[in-house]
Amino acid sequence: MHKIVLALNILILWISLNGQTDIPGTVSTFTKDSIQADFLLQDAYRLLDSMRVDSAMNFFETALQLANEHQNNVLEARALNGIGYVHSIYLSRFDTAQVHMRKAYQLFVEEEQPILAARCLFDLCDVLRSVGQHKEATEVLIESARINEAEGLDSINAGVYYKMAGVFAELGNPEQHDRYLDTAMRIATKYQDLLLLAICNMSLGLNAEKRGQLDSARYFSQLALEIGLQRKDPITIGYAYENLGSVEATFGNFVLAKEYYQKMLQVQNIPPFDRAQFSFFYGDFLLQYNRFNEAKEYLGQALESAKNMEAKPLQTLVMKQLLQLYEKLGEYENAYRMSNQYQHLKDEIRSMKLRIEVEELNLKYETEKKEKAILALQAQNAEQQFFLLQSSAKARQRFWWALTTTLCLLILGGGFYLFFRNSQQQQKLVEKEANLQEQRLHQLQQEQKNLSLRAMLKGEEQERSRVARELHDGIGIILSALKMKLEKIAKASKGDASPSKLVDKASAELRRIAQNMMPETLAKFGLITAIEDLCDEINFSKNLKVTFEHYNLALPLTEKNVALQVYRIIQELLNNVIRHAEATEAFVQIIQSDRLLLLSVEDNGRGFDPSDQLQSGHGLKNINTRINYLNGKLSIDSVQNQGTTTSVEIQLNLQT
Amino acid sequence: MIKLFLIDDHPIVVTGIQNAIQEEEDIKVVGTALTATDAIRQLGELTIDLVILDIALPDMDGVELCKHIHKNFPGLKIMVLTTYGQVSFVTAMLRSGAMGYLYKNTSESELVLAIRKVYEGGRYLSEEVNQKLIAKASRTLPKRENFIPRLTRREKEILDLIVAEHTTQEIAAKLFLAPSTIETHRVSLCAKLGARNLAGLVKNAIKLGLV
């Protein structure tokens, strides 16, 4: 499903291609050469229409040269856009494409050509998607739609929204996908944009296919194929065949499906990226029908081309299928290698580029908002203080004046007294206001501190979970394999069995480290079980007997973050006991009393002098960060040679 | 013939299992799946005696998958082969119908032994799992009625002073602590001893023999 949506979205490029010639050159001063360049550009797009890519490229480059000679920035930008476009769509050289398009966009903005700038962003979106930068792709599309709207070019936005829908489908957000697709279709209907309608319908057809509505799925795909054939549009034709093939395959008509797929492969003048996709589609289809050897050939081709083009999303899709294929063929070494590559690439694309960036951006934005509010308040405060100073100086003057006058003219004294009192009241009001401002400033500063603490703690958790997963999936698995091999060797040669015992030790240690990094049980079974597990693990592997007791502990499900922080605090405290206390016993307790949460970890170790900064500061930095974040309070009771009790008091902000 | 079905998203594990049983003529792998979804689909189509599964799967939680298999394929024996060592996972899997629990660093001979044992209707837990369960069982808290809470040193000290009828202020002065700290300890003592006020605290402390 995913892959077809991706494919469909490539189709939209074709529309933009057809529309490109309609955009008038907005050149104001026509010299003979610049008119010529303008023609060159238009011709270049026509050449692309008939798939004469090399000549088109030539035209674009000549136009660029002419534009440079006459220092016509708009023409230069259009030529650059064109060159970028060819690199993106026909040559699949995304880096070059991006450089050209960004430069073109810059020039369009400088020359105040909003329509051309919007189109340039529209083209840029595909480059970004092809290299897996979905966040940036969304950003450029939103900007493009905004410009078109401002310029009253709603009809163009049908394509923009359709593409937006595609990006969200790739991001796994079906609600947004449906919303944007709906908007796109409404605009396309309004402006009688047949091809776009057909493509939108193909999307609908795929949804129908997913729901098992074979007839509508066929109908929509057939419609797309007809439009493609009518317009002699190879890309539309190719994807329509693929769509039909996929429908038939889903419903088990192997022979018919294969015919469609072969027709898809026979379509001429297909750009390399789509060619690679087609190979992948066919390979995937063959894999589903257990034609392993044929599948291997086509998937191999697809992977090779995808790698050459650095089209990472496609690469992961192909790898995933190849992984399955190798496994089914029993080529486990290949499968293992592929699995590693796949995991690596997937991690690279997903976790790094997408999640973290989007979340960080959001947090950054929130922190920034707080910062702005603080700055505004500070400015206001300064103003207020200035006013305060002034008014108290004024008040002093008034007072002396009133005093002298009262002495001289006692009769009028009463009136002046009232005036003085009034001004005093005014000053009190001002002071009160200033206090309030001070409080708000403090509160905002606290909130900002919390936000950045949260960002830090969150980043740390993400990193830990990534490392834990890599330990489990990477080294853990290799160790298991190593152990099996070692045993085999030992058995065959009746040799020493101790190496495999060492591997056992390594595995156990690795398991313990991974668990420490990512308490899987916390999310799954809750805080109590997670801490029980933690204590069990220590009891099992260390020379320390840990007891855990809890009273009235009932953290609401919404307090997941508090639970995680409490878990981490206890984990760190126990680590400190293990590392420094030389204790034989430890006792962990958690008590909840309404909104008060009390944690204590007590040991019977050597104890230390809590006033000794160096000693008590040891290992507490991390805990303090977390306690600060929870607005908690830490206290340490320690008696030399008797042991230490560390207690944490947290006031919960439960929403009731 | 013991027909095995393997569910693990790491192909190398599958290879390992296949190597381990290659000399056993009566054990055969009849199918494998990298995901839970694929596994569920295939399980309906094949004849299988024993399923070996991991807890960490890409598309579904192993505990859920285990429950699903246990419910929908009642005759099937289930064995866990995983890197997860937490006792809570062991108990969760055993409660969900698993009859065996092994770590991935198990030896080939132990794996074969476990397969046979579970196939015959028995249970098999690897030595380390066993040790952990035993350690856990021997430490599990007694029933709530005769449960005596364990007090920290400070709590004991403060409880003694409360029972000796000292006020919060006096206790604070005596122990060189802030009155608010004493209050906090009083709250935790009340929670631990199941008391609502000072009188109840003293009564329960004497009843439980804590002073």
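At pLDDT 90 or above, within 26 Å of the chain's Cα centre (by Cα) and surrounded by fewer than 21 Cβ atoms within 10 Å (Cβ to Cβ), is that true of A:Arg93? Working first, answer last.
Values: at pLDDT 90 or above: no; within 26 Å of the chain's Cα centre (by Cα): yes; surrounded by fewer than 21 Cβ atoms within 10 Å (Cβ to Cβ): yes.
Taking the combined requirement at face value, the residue does not satisfy it.
B:Val14 - would you say it is in a strand (DSSP E or B) and either within 13 Å of chain A (Cβ to nearest Cβ) or farther than 20 Å from A:Ile477 by Cα (or both)? So that I can check it myself, show each step before the final result.
Details: in a strand (DSSP E or B): no; either within 13 Å of chain A (Cβ to nearest Cβ) or farther than 20 Å from A:Ile477 by Cα (or both): yes.
Taking the combined requirement at face value, the residue does not satisfy it.
Answer yes if at least one residue in region B:20-34 is away from every other protein chain (no Cβ under 11 Å), touching a Gly at 6+ places or on another chain (Cβ under 9 Å) and over 26 Å from A:Lys501 (Cα atoms), and no otherwise. Please lay out each step first, then the result.
Initial filter on region B:20-34 (away from every other protein chain (no Cβ under 11 Å)): B:21, B:24-28, B:30.
Then drop every residue that is not touching a Gly at 6+ places or on another chain (Cβ under 9 Å), which leaves none.
Within region B:20-34 (the criterion being away from every other protein chain (no Cβ under 11 Å), touching a Gly at 6+ places or on another chain (Cβ under 9 Å) and over 26 Å from A:Lys501 (Cα atoms)), the answer is no, since none of the residues qualifies.
Kindly list, by first and then second residue, each pair from a residue in region B:24-36 that is closer than 13 Å to B:Gly62 by Cβ to a residue that is modelled with pLDDT under 90 and surrounded by 17 or more Cβ atoms within 10 Å (Cβ to Cβ), limited to pairs with Cβ atoms under 6 Å and residues at least 6 apart or on different chains.
Going by the 6 Å Cβ cut-off, the qualifying pairs are B:Ala36/B:Leu57.
The conditions are (1) more than 14 Å from chain B (Cβ to nearest Cβ); (2) at pLDDT below 90, and A:Val639 fails exactly one of them. Which is it?
Condition not satisfied by A:Val639: (1).
Quick one: which helices (runs of 4 or more DSSP H) sit completely within region B:105-211 and have at least 2 residues that are within 9 Å of chain A (Cβ to nearest Cβ) and surrounded by fewer than 19 Cβ atoms within 10 Å (Cβ to Cβ)?
The helices (runs of 4 or more DSSP H) meeting that bar are B:127-139.
So which helices (runs of 4 or more DSSP H) are wholly in region A:143-245 and hold at least 3 residues that are of a type in the set (Ser, Thr, Tyr) and farther than 30 Å from A:Gln113 by Cα? Full working, then the answer.
Working: elements: A:154-170, A:174-190, A:194-211, A:214-230.
The helices (runs of 4 or more DSSP H) meeting that bar are A:214-230.
For region B:66-80, check the following and say yes or no: at least one residue is in the same structural domain as B:Glu110 (by TED's automatic domain parsing), outside any strand (DSSP E or B), closer than 20 Å to A:His472 by Cα and not aromatic (Phe, Trp, Tyr). Even if it seems obvious, please write down each step before you answer.
If we filter region B:66-80 for residues that are in the same structural domain as B:Glu110 (by TED's automatic domain parsing), which is where we start, we get B:66-80.
Within this subset, residues satisfying the condition of being outside any strand (DSSP E or B) are B:66-76.
With the extra rule that they be closer than 20 Å to A:His472 by Cα, the set shrinks to none.
Checked region B:66-80: no residue is in the same structural domain as B:Glu110 (by TED's automatic domain parsing), outside any strand (DSSP E or B), closer than 20 Å to A:His472 by Cα and not aromatic (Phe, Trp, Tyr).
Go through region A:450-476 residue by residue and tally those that are away from chain B (no Cβ under 11 Å), more than 17 Å from A:Ala523 (Cα to Cα) and not hydrophobic (A, V, I, L, M, F, W, C).
First, pick out the residues of region A:450-476 that are away from chain B (no Cβ under 11 Å): A:450-467, A:470.
Okay, now just the ones that are also more than 17 Å from A:Ala523 (Cα to Cα), so A:450-456, A:459, A:467, A:470.
When the remaining residues are screened for being not hydrophobic (A, V, I, L, M, F, W, C), the result is A:450, A:452, A:454, A:459, A:470.
Number of matching residues: 5.
Sort out which residues of region A:207-225 are in contact (Cβ under 8 Å) with a residue 12 or more places away in the chain and out of contact with any Ser or Thr (no Cβ under 9 Å at 6 or more places or on another chain), and write them in order of number.
Initial filter on region A:207-225 (in contact (Cβ under 8 Å) with a residue 12 or more places away in the chain): A:208-210, A:214, A:216-225.
Of everything in region A:207-225, those that are in contact (Cβ under 8 Å) with a residue 12 or more places away in the chain and out of contact with any Ser or Thr (no Cβ under 9 Å at 6 or more places or on another chain) turn out to be A:Ser216, A:Arg218, A:Tyr219, A:Gln222, A:Leu223.
May I ask you to list the residues in region A:572-589 that are out of contact with any Asp or Glu (no Cβ under 6 Å at 6 or more places or on another chain) and either away from chain B (no Cβ under 11 Å) or surrounded by fewer than 19 Cβ atoms within 10 Å (Cβ to Cβ) (or both)? Lay out the reasoning, then the answer.
First, the residues of region A:572-589 that are out of contact with any Asp or Glu (no Cβ under 6 Å at 6 or more places or on another chain): A:572-576, A:578-580, A:582, A:584-585, A:588.
If the condition is that a residue be out of contact with any Asp or Glu (no Cβ under 6 Å at 6 or more places or on another chain) and either away from chain B (no Cβ under 11 Å) or surrounded by fewer than 19 Cβ atoms within 10 Å (Cβ to Cβ) (or both), then A:Glu572, A:Leu573, A:Leu574, A:Asn575, A:Asn576, A:Ile578, A:Arg579, A:His580, A:Glu582, A:Thr584, A:Glu585 are the ones that fit.
Does region B:77-104 hold any residues that are in contact with a strand residue (DSSP E or B) (Cβ under 9 Å, 6 or more places away or on another chain) and facing another protein chain (nearest Cβ under 8 Å), and which are they?
Going residue by residue through region B:77-104, those that are in contact with a strand residue (DSSP E or B) (Cβ under 9 Å, 6 or more places away or on another chain) are B:77-85, B:89-90, B:93-94, B:96-104.
The answer is B:Thr83, B:Tyr84, B:Gly85, B:Phe89, B:Tyr103, B:Lys104.
Could you give every pair whose Cβ atoms fall below 9 Å, whose first residue belongs to region A:573-602 and is more than 14 Å from A:Glu649 (Cα to Cα) and without any contact (Cβ under 8 Å) to a residue 24 or more places away in the chain, and whose second residue is surrounded by 15 or more Cβ atoms within 10 Å (Cβ to Cβ) and of a type outside the set (Val, Ile, Thr), counting only separations of at least 6 or pairs across chains?
none
The values are calculated or read from the model by the stated rules, or taken from the named source; none is laboratory data. Remember, it's a predicted structure, so these values are computed and weren't measured experimentally. Methodologically, a virtual Cβ is constructed for each residue, glycine included, from the backbone with ideal geometry; neighbour enumeration extends over all protein chains shown.
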